[in-house]
Amino acid sequence: MRVIILRHGQSTYNSQGRIQGRSDLSVLTDRGREDARLTGAAFQGLEFDAAYSSPLQRAQQTATTVLSGLEQQDRLQTDDRLLEIALPLWETMFNQEVREKYAAEYQTWKERPHKLKMLRPQADGSQQEFFPVLALYEQATTFWQGILPQHQGQTILIVAHNGINRALISTALGIQPAMYHSIQQSNCGVTVLNFSGGWGESVQLESLNQTSHLGQKLPTLRPQNQGPRFLLVRHGETDWNRAGKFQGQIDVPLNEYGRNQASLAAEFLKTTEIDFGFTSSMLRPKETAEIILKGRTGLVLNEDADLREIGHGLWEGKFESEIEAEYPGELERWHTHPESVQMPEGENLQDVWDRATAAWGRILVQVGDRSQTGIVVAHDATNKVLLCYLLGLGLADIWKIKQGNGAVTVIDYPDGIEGQPVIQALNITSHLSGGILDKTAAGAL
């Protein structure tokens, strides 16, 4: 089951810097309507079996515009479980006004969102204390449990809001409410989730918050951004990726298609100022990084061996069929419980976690709090481990994260390197496929 999640287009309150929540006074701006139209154009060729929208008018207007361009308006239904987060104390207020008038509560919202408490009116005129973020996560869980059984094997569209979209993505993946601010949803940003079955079964985040279809290659930096931006890139394709052969730490170079992927990534990032570069010491990421950075003078590409791919040991150089014949059941365990697998004469995921996160920490210290942008080029397992680490996930969750060959992931440190990182976009492959779906080869690591 493929689920495409879309945030509504820019609204009047967005443009004014107001907090919307569940207030329904805000409508799409001209830009919001145009971005909805562009999103519909990007969805050409997709057939939605069903479409769900928040009942708030900014979301409904977006959904109607998108589906009208596809002539699929009859698929749309509204669902109260897609309402935006309830923030009754702040709704309709300017962001700056909230920061000043409710300084303590706003600090809790930013640093410990799951601990924020508010009062909301009840039908009898009384007020009840509640936790907005925790209530939103319950709402998202209820939505998934209700719709997943109805749409197995289908493609559905969800059009809603920043907060509820984050909760939908987080509950699907197991990201905790404390990490509510760790992912971003831009106006008309597109996220793709793939469910293998019902609630509680495996799910994959194919991509997060794509904005290329809006003419915005990367999500914009927040005006108050104080720290660096990292563009985490997976190396281009190799012949062994294409064939499905486990390569691990065997130093397989890029193939011609992989070099082309790196060149497309370079073109995609051509107008992005890049101030620093880091790469795994292996051939395939180094060549990818060198192609991306070609022509950028005065920039040193730093190598770090701790960013190398997982060591598959005796599995390296083998196809899945050969591994299954020699190590019966281990490949299935790798696919279902990767955290429990010790590669014969190789590494386990904890080994990769320890060295990759240590390398990330060194990179943060070297880059510091400068508001600069740079690339980090590594591998499938390495990138997945780093993203699980940044999202508060664990080793068992690596298959929930997609990293296509030549894909770009955007990680910001808006409050500096000591603050919480924000995954602004994940697994952007539009420069490779020309569309919103990742069509890179799903070969072995």
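The values are calculated or read from the model by the stated rules, or taken from the named source; none is laboratory data. Computed from a predicted model, the values in this text were never measured in an experiment. Positions of Cβ are generated from backbone atoms using ideal geometry, with glycine treated the same way; all protein chains shown enter the neighbour counts.
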How do the strands (runs of 3 or more DSSP E) wholly within segment 324-435 filter down when requiring 1 or more residues that are in contact with a His (Cβ under 8 Å, 6 or more places away or on another chain), of a type in the set (D, E, K, R) and not assigned by TED's automatic domain parsing to the domain that holds residue 296: which remain?
none
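Yes/no per residue for (1) closer than 30 Å to residue 371 by Cα; (2) surrounded by fewer than 20 Cβ atoms within 10 Å (Cβ to Cβ); (3) in contact (Cβ under 8 Å) with a residue 40 or more places away in the chain:
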position	(1), (2), (3)
239	no, yes, no
265	yes, no, yes
280	yes, no, yes
283	yes, yes, no
288	yes, no, yes
317	no, yes, yes
326	no, yes, no
Considering 373, 429, 357, which residue is crowded, with 22+ Cβ neighbours inside 10 Å and not small (Gly, Ala, Ser)?
429
Yes/no for residue 73 being at pLDDT below 95, closer than 27 Å to residue 28 by Cβ and not acidic (Asp, Glu):
yes
Take the residues in segment 154-167 that are of a type in the set (A, V, I, L, M) and touching a strand residue (DSSP E or B) at 6+ places or on another chain (Cβ under 6 Å); name whichever of them is farthest from residue 196 (Cα to Cα).
159
Which numbered condition in (1) of a type outside the set (Lys, Arg); (2) under 16 Å from residue 22 (Cβ atoms); (3) within 23 Å of the chain's Cα centre (by Cα) is the only one that residue 158 fails?
(2)
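Name the strands (runs of 3 or more DSSP E) wholly inside segment 118-160 in which the number of residues that are closer than 30 Å to residue 68 by Cα and assigned by TED's automatic domain parsing to the domain that holds residue 51 is 3 or more. Can you show your working first?
Working: elements: 118-121, 127-130, 155-160.
In segment 118-160, the matching strands (runs of 3 or more DSSP E) lie at 155-160.
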Filter pass, residue 290 being closer than 22 Å to residue 240 by Cβ, part of a strand (DSSP E or B) and of a type outside the set (A, V, I, L, M, F, W, C):
no
Go over the candidates 37, 31, 22 one by one and state the one that is closer than 28 Å to residue 99 by Cα, in the same structural domain as residue 198 (by TED's automatic domain parsing) and out of contact with any Asp or Glu (no Cβ under 7 Å at 6 or more places or on another chain).
31
Filtering segment 185-209 down to residues that are farther than 20 Å from residue 28 by Cα and under 12 Å from the mean Cα position of the chain (by Cα), which residue is surrounded by the fewest Cβ atoms within 10 Å (Cβ to Cβ)?
204
Residue check: is residue 191 of a type outside the set (Lys, Arg) and out of contact with any Asp or Glu (no Cβ under 9 Å at 6 or more places or on another chain)?
no
Residue satisfying all of: in segment 27-75; polar (S, T, N, Q) and touching a His at 6+ places or on another chain (Cβ under 7 Å); farthest from residue 211 (Cα to Cα) among these
54
Condition (residue is in contact with a Phe, Trp or Tyr (Cβ under 9 Å, 6 or more places away or on another chain) and either of a type outside the set (A, V, I, L, M) or assigned by TED's automatic domain parsing to the domain that holds residue 361 (or both)) applied to segment 263-275: is it met by at least one residue?
no
Can you tell me which residue is modelled with the highest pLDDT among those in segment 220-234 that are under 19 Å from residue 185 (Cβ atoms) and part of a loop (DSSP other than H, G, I, E, B)?
220
Applying the selection to segment 1-42, what residues are closer than 21 Å to residue 87 by Cβ, surrounded by fewer than 19 Cβ atoms within 10 Å (Cβ to Cβ) and of a type outside the set (D, E, K, R)?
12, 15, 16, 17, 19, 23, 25, 27
